[in-house]
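Everything below concerns the one structure shown next.
Values in this text are rule-based calculations from the coordinates and carry no lab data. Just so you know, these numbers come straight off a predicted model, no measurement behind them. Note that each Cβ is placed from the backbone with ideal geometry, even for glycine, and that neighbours are counted across all protein chains shown.
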Amino acid sequence: MKKAVETKKMQHGGARPGAGRKSEGDKKVVTITLPTEDWALIDAAIEQGAYKGYADYFRQLQERHGRP
């Protein structure tokens, strides 16, 4: 007589080591105060597709002007 073997079928793939988007660096929350006109220019550039978002804008600004 054979014994029934129970197998549990996974519903999803589950977490895997090394999977997912890799970090671009350490994350820190910062507050930047700029005149309203400057924010409007940055927002317009993001809306036009020049930048993906605020992080991309400031990352590219840092790359153009050097690291501290």
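Provide the net charge surrounding Glu63, with neighbours chosen by a C-beta distance below 15 Å and charges set as Lys +1, Arg +1, Asp -1, Glu -1.
Numbers: positive: Lys52, Arg59, Arg64, Arg67; negative: Glu24, Asp56.
Taking every Cβ under 15 Å from that of Glu63, the sum is +2.
Each of Leu41 and Asp26 was given a label point 7 Å from its Cα along the Cα-to-Cβ line. The distance between the two points is 3.1 nm.
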